[in-house]
Amino acid sequence: TWSTNLDYTMPITKTLTFQGEYFIGSNLSSLGGGINQGVDLYRREGIDSQGWWACLQKKWNDKLVTQVGHGIDSPEKKDLWGVTVASNGMASSRTRNENYFVNALYNWTENFMTGIEFSYWETDYQKKDVTSASPTTVSTSTAKALRTEFTTRLSF
């Protein structure tokens, strides 16, 4: 596993901040990169990936923060023979992930936070025939999803 990241935070006003990150690396599944794909099962090598995210953060008061943003994660297609065990000689992998999000985080105390996030995701998939030494792409598809997530964080 290796990763190089460039994070950026730029205050725009006292209550509005731009934040972002660019990343590149290999075998990034433990960090959420590569669309949670670390090693290709057929090549037995790490999957290279790069991506970014950016958001605007609004601090309404000392307790409430909201963010709106966008991000993309793009594994190297040449590294993706398959990350699933083949069924009838076909293996699949995720080739691109893109999301848009908006959230609200409320800090009840210094150590306790709750939040909610709404997001829209598009994930591209490919299916490959892995029965030969040179796998070939058989099909591609895109899945779309609306997600709602709740979070709670207790720090001590």
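The values are calculated or read from the model by the stated rules, or taken from the named source; none is laboratory data. Since this is a predicted model, take the numbers as computed values, not measurements. Neighbour counts are summed over all protein chains in view; Cβ atoms, including those assigned to glycine, are modelled from backbone coordinates with ideal geometry. Note: accessible area is taken over every heavy atom of the protein model, side chains too, but ligands, DNA and RNA are not part of it. Shrake-Rupley method; radii C 1.70, N 1.55, O 1.52, S 1.80 Å.
Which value, in debye to the nearest 20, gives the size of the charge dipole of segment 1-63 about its Cα centre, when Lys and Arg are +1 and Asp and Glu are -1 at the Cβ?
Rounded to the nearest 20 debye, it is 320 debye.
Over segment 68-109, calculate the relative contact order: mean separation of alpha carbon pairs under 8 Å at least 6 apart, over the residue count, as a percent.
Reported as a whole number, the value is 49 percent.
What number of lysine-lysine pairs in segment 1-139 show an alpha-carbon separation below 15 angstrom, given a sequence spacing of 8 or more or placement on distinct chains?
Lysine pairs meeting both conditions in segment 1-139 amount to 7.
Using the Cα centre of the chain as the reference point, and only Cβ charges (+1 on K/R, -1 on D/E), how large is the resulting charge dipole? Debye, rounded to the nearest 20. Don't skip to the answer; put the middle values down first.
Numbers: 15 positive and 16 negative charges, 44 e Å.
Roughly 220 debye for the chain.
Ignoring ligands, DNA and RNA, what percent of the 1.4 Å accessible area of the chain is carbon and sulfur? Each step should come with its number before you reach the end.
Values: 5440 of 9690 Å².
Here carbon and sulfur together make up 56 percent of the probe-accessible area.
What accessible area per residue, rounded to a whole number of Å², is obtained for segment 1-137 using a probe radius of 1.4 Å?
57 Å²
Counting alpha carbon pairs within less than 8 Å and at least 6 residues apart, what relative contact order, in whole percent, applies to the chain?
In percent, rounded to a whole number, it is 16.
Which one of ASN107, THR142, THR131 has its Cα pushed farthest toward the positive end of the charge dipole of segment 59-156, where Lys and Arg give +1 and Asp and Glu give -1 at the Cβ?
Final value for the positive-end residue is THR131.
Before anything else, pin down the relative contact order of segment 75-156: Cα pairs under 8 Å, at least 6 apart, normalised by residue count, whole percent.
After rounding, I find 29 percent.
Could you state the number of Å between the C-alpha centres of segment 10-43 and segment 92-124?
Centre-to-centre distance over Cα atoms comes out at 13 Å.
Any idea what the dipole of segment 29-74 comes to, in debye rounded to 20, about its Cα centre with Lys/Arg Cβ at +1 and Asp/Glu Cβ at -1?
I would put it at about 260 debye.
Going highest first, how would you order 39-46, 137-144, 124-131, 83-90 by mean Cβ packing within 10 Å?
In descending order of packing, they fall as 124-131, 39-46, 83-90, 137-144.
Whole-Hz Karplus ³J(HN,Hα) for segment 56-65, in order, using 6.51 cos²θ - 1.76 cosθ + 1.60 and θ = phi - 60°, x for Gly and Pro?
Coupling constants for segment 56-65: 9, 10, 10, 9, 7, 7, 5, 10, 10, 10 Hz.
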